[in-house]
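Trainee: Take a look at this one; I'll ask things after.
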Amino acid sequence: MIDEKLLISWGGTYRTLEKNEILFSEGTECLFYYQVADGQLKWVNISDDGKEYLQRLINPGESLEEMPLFDDGPFAASSFAMVKSTVIRLPKASFLAMLREHPDIHFEISRRLSQHLRFKFFMLKEVTSNEPEKLVVAVLNYLKETQQYVSLEDHLVHLTRQQIADLTGLRVETVIRVIRNLHLEGKLKIENRKVFLFE
């Protein structure tokens, strides 16, 4: 999202995370802007009973949890490394100073935050349905239309059944059953355990 050289020139530093290592916890103070340089992180809320609710998967070049940089609130969710990963972290004060000199970056971040907010409105509307199949279909179609987690070329879904469950709040067994039924109904394709959407 932001050129790594620019982040480094403003005081950014690299930090390596081992698989499952936590980057930050929900409710703690935000002191840095974070951008993934290599690997993959997940941004999740964890309920009192330990269930994870996936907010987003963060891939190289993407930033995460920008909200507290602007509203001074705590982190709204926790972030963990899915695999060994490297992030660039830039102190909050330096990040805000950089935005003042580079308003184009500020506009891009605002656009991305708006996209995430729009997805949350979409999810709030869809989860009111008590029909798991309708919810899974709606989410997969939304991700395809917005080019998130779905390949443009072959429409391969880059989410596991567990991640779809964490994203929708459904049980993984329910997601597995729904996807199998959608395959049998010809609404999507399963090949080598991978899910492909139709055009």
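Trainee: Cut-off 13 Å, label point 7 angstrom out along Cα-to-Cβ of TYR14: give me the residues of the range 59-85 whose amide nitrogen falls inside.
Mentor: It comes to 85, nothing else.
Trainee: Here's something else I'd like to know. What's the center-to-center distance, using Cα atoms, between the range 130-155 and the range 60-99 in Å?
Mentor: For the range 130-155 versus the range 60-99, the Cα centre distance is 26 Å.
Trainee: I want to check a number: in the range 1-100, how many lysine pairs have alpha carbons closer than 20 Å, given a sequence separation of 8 or more or different chains?
Mentor: Taking the Cα cut-off of 20 Å, the pair count is 6.
Trainee: With each run of n ≥ 4 DSSP H residues scored as -39500 (n - 2.57), what mean residue ellipticity at 222 nm is computed for the chain after dividing by its residue count and rounding to the nearest 500 deg cm²/dmol?
Mentor: Calculated at 222 nm, the ellipticity per residue is -12500 deg cm²/dmol.
Trainee: Moving to a separate point now. So which GluC sites (Glu not before Pro) in the range 111-167 end up in coil per DSSP with only 11 or fewer other C-beta atoms within 10 Å?
Mentor: GLU153
Trainee: Computed from these coordinates, which is Cα extents along the principal axes in Å: [x] 68, 36, 25; [y] 58, 34, 34; [z] 54, 39, 32?
Mentor: Comparing each candidate, only [z] matches the computed number.
Trainee: Same structure again: If you plug each phi of the range 41-56 into the Karplus form 6.51 cos²θ - 1.76 cosθ + 1.60 with θ = phi - 60°, what whole-Hz ³J(HN,Hα) values come out, in order, with x for Gly and Pro?
Mentor: Residue by residue, the range 41-56 yields 10, 10, 10, 9, 9, 10, 6, 4, 8, x, 6, 8, 10, 6, 8, 6 Hz.
Trainee: Taking θ = phi - 60°, what integer Hz values does the Karplus form 6.51 cos²θ - 1.76 cosθ + 1.60 yield along the range 63-68, in sequence order, with x for Gly and Pro?
Mentor: 9, 8, 6, 7, 3, x
Trainee: Counting only heavy atoms of the protein chains, get the accessible area per residue of the range 107-199 (1.4 Å probe) and round it to a whole Å² value.
Mentor: 63
Trainee: Bin width 5 Å, origin at 0, all Cα-Cα pairs of the range 45-157: what percent of pairs per bin?
Mentor: The percentages, shortest bin first, are 2, 8, 15, 20, 21, 17, 10, 5, 2, 0.
Trainee: For the range 1-76, divide the Cα radius of gyration by the Kirkwood radius and give the resulting Rg/Rh value with two decimals.
Mentor: Radius of gyration relative to Kirkwood radius: 0.96.
Trainee: Follow-up. Starting from the Cα of LYS194, draw a straight line to each of the aspartates and glutamates and keep only those under 20 Å, dropping any in the same chain fewer than 8 residues away.
Mentor: The reachable aspartates and glutamates, counting only those whose Cα sits under 20 Å from LYS194, are GLU133, GLU145, GLU153, ASP154, ASP166, GLU173, GLU185.
Trainee: So, one more: Please list 3-15, 74-86, 106-118 highest first by mean number of surrounding beta-carbon atoms within 10 Å per residue.
Mentor: For the peptides 3-15, 74-86, 106-118, the packing ranking is 74-86, 3-15, 106-118.
Trainee: Further, regarding this structure: Over all alpha-carbon pairs of the range 119-199, lay out the pair-distance distribution in 5 Å bins, whole %, shortest bin first.
Mentor: 3, 16, 29, 29, 18, 5, 1
Trainee: Compute the helix-to-body angle for 172-184: its Cα long axis versus the longest principal axis of the chain, expressed 0 to 90° and rounded to tens.
Mentor: 60
The values are calculated or read from the model by the stated rules, or taken from the named source; none is laboratory data. Keep in mind that what you see is a predicted model, and the values were worked out from it rather than measured. Reconstructed Cβ throughout: ideal geometry from the backbone, glycine too, with neighbour counts over all protein chains shown. Side chains included, ligands, DNA and RNA excluded: accessible areas come from the protein's heavy atoms. Shrake-Rupley method; radii C 1.70, N 1.55, O 1.52, S 1.80 Å.
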